[in-house]
Amino acid sequence: MKLSKIVTASLISSVSAYGWAIEPQSIDLRGFQFTPTLQLSHGYDDNYRGLPDSQFSSQITTLEPSFLLAAETRNSAYELEYSVESEYFHSDDDASNTDHSLTLKSALIATDRHRFRWNVGYHRIEDTVNNFDRGDDELIDIERDDFRNNKYSSAVAGVGYTFGARTAMNQLDFGANYEQRRYHNSDDINEDQERDSAGVTGTWFHRLGARTRTIAELRHTQHDYVDDMFERDGTNSAALVGATWEATAKTRGSLRVGAERKNFDSNERTDYTSPMWEAEIAYLPRTYSIFKLNARRAFDEGEDAAATVERMTTVLSWEHEWTSRISTELEYLFSDRDYKDREELPLGDREDELTAYGIGVNYALDRWVDLTLGYRRSENDSTLRNNTYDRNVYLLSVNLSL
């Protein structure tokens, strides 16, 4: 089961799921390496719709096969990956769903100084927790037919170019990306969030030593909405500085800090400027134990009638191998989401604070099979009562490979 399904996909975008201990083996197909894997899980979710007084709990059985086809030469590499995740809700057929994900990416080293990359992908997703308008004058009278999965698709493409040898004092990296997001709900629910986004990034890396480089980065993204009913057309621009390092065998990471500007095309909307940061830091006191910190503050695109959402997320985790077969992962997440300039003023301002924590225990039966037992609790505290909820998920999974 994906972590985005265990917590809330709209609130979390950069949290790792419990790691697999298996070491998948590949099949050689005329120079291509074919790697199939399979995850089978069964669990219980006591509030899969994310409601303040849940009437939606169910056992859930999940089947997730994935297929990776890869090829590599001296100067190039290619990967084609397809995965499908089918969830069966034992107490609610309407919540059962199937997700599809297809990605293709490639990298080319033209010379020591010139490196290119590109990727395309298509993802079709259904979430059981969604952001449909629930009102807030009084607690809603919940009927099963009033709630349904949030269905959307994302088509993405990107290209990149790096100038400078890997050991050079300076490197320049340029990237461009495009995303088309569409919703497939009945009654045109969430169609106000359909958009096309195109962005460019430029980064300068300067080497301070063998293991440390400074970073200066500029980003710019244009968002164009299919039906701009909430006047969200506009741009996100950011300027960041920082560093990336692998200072010792025990520490590695990257840090970017700066500011982000959210400009709207409409004069009816207020523009926003905010501090921005991104951090990915790992500390390994032992080869078999690792602590991780992932943190980000930035603007998300608007939802629930808001112009934009200012989000700050911090994730702390500890992964530890107790024996050659047994490992554990502890994880804590805190996310604050401030919904800016909501159009529907009678509903009032909205700010959500999501706290989630979980534990996973992994047992490696063999190189090609392991078992994972996990538990996760999430608590969303919102200024709107109908968006406040608690959620507990229990999960047992079997991971298989060749």
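The values are calculated or read from the model by the stated rules, or taken from the named source; none is laboratory data. Note that the structure is predicted; figures quoted are calculated from it, not measured. Backbone-built Cβ (ideal geometry, glycine too); neighbour counts: all protein chains shown.
Of note:
- The stretch 56-73 - residue that is surrounded by fewer than 14 Cβ atoms within 10 Å (Cβ to Cβ) and among the polar types (S, T, N, Q) and, of those, farthest from Ser378 (Cα to Cα): Thr73
- Candidate set: the stretch 289-348, residues that are among the hydroxyl-bearing types (Ser, Thr, Tyr) and farther than 22 Å from Gly258 by Cβ; chosen: the one surrounded by the most Cβ atoms within 10 Å (Cβ to Cβ): Tyr339
- Of the residues Ser378, Ser397, Ser317, the single one that is within 21 Å of Arg49 (Cα to Cα) and of a type in the set (S, T, N, Q) is Ser378.
- When restricted to residues that are hydroxyl-bearing (Ser, Thr, Tyr), over 30 Å from Asp304 (Cα atoms) and surrounded by 15 or more Cβ atoms within 10 Å (Cβ to Cβ), the stretch 354-402 contains 3.
- Filtered residue count, the stretch 27-55, keeping only those that are modelled with pLDDT under 90 and more than 15 Å from Asn380 (Cβ to Cβ): 3
- Pairs meeting the criteria (first residue in the stretch 282-300 and closer than 11 Å to Thr313 by Cα, second residue aromatic (Phe, Trp, Tyr), beta carbons under 8 Å, at least 6 apart or on different chains) are Ala295/Trp277; Arg296/Trp277; Arg297/Trp277.
- If you check Asn362, Asn399, Asn387, Asn380 for being in contact with a strand residue (DSSP E or B) (Cβ under 7 Å, 6 or more places away or on another chain) and at pLDDT below 90, only one passes: Asn387.
- Screening Thr323, Thr314, Thr372, Thr328 for residues that are of a type in the set (Val, Ile, Thr) and assigned to a loop (DSSP other than H, G, I, E, B) leaves exactly one candidate, Thr323.
- Filtering the stretch 264-280 for residues that are free of Cβ contacts under 8 Å to residues at least 12 places away in the same chain and either within 27 Å of Glu319 (Cα to Cα) or in contact with a helix residue (DSSP H, G or I) (Cβ under 9 Å, 6 or more places away or on another chain) (or both) leaves an empty set.
- Within the stretch 238-271, if we keep just the residues that are under 26 Å from Arg182 (Cβ atoms), of a type outside the set (D, E, K, R) and touching a Ser or Thr at 6+ places or on another chain (Cβ under 8 Å), the residue that is surrounded by the most Cβ atoms within 10 Å (Cβ to Cβ) turns out to be Phe264.
- Tyr178, sole failed condition from (1) without any contact (Cβ under 8 Å) to a residue 24 or more places away in the chain; (2) in contact with a helix residue (DSSP H, G or I) (Cβ under 9 Å, 6 or more places away or on another chain): (2)
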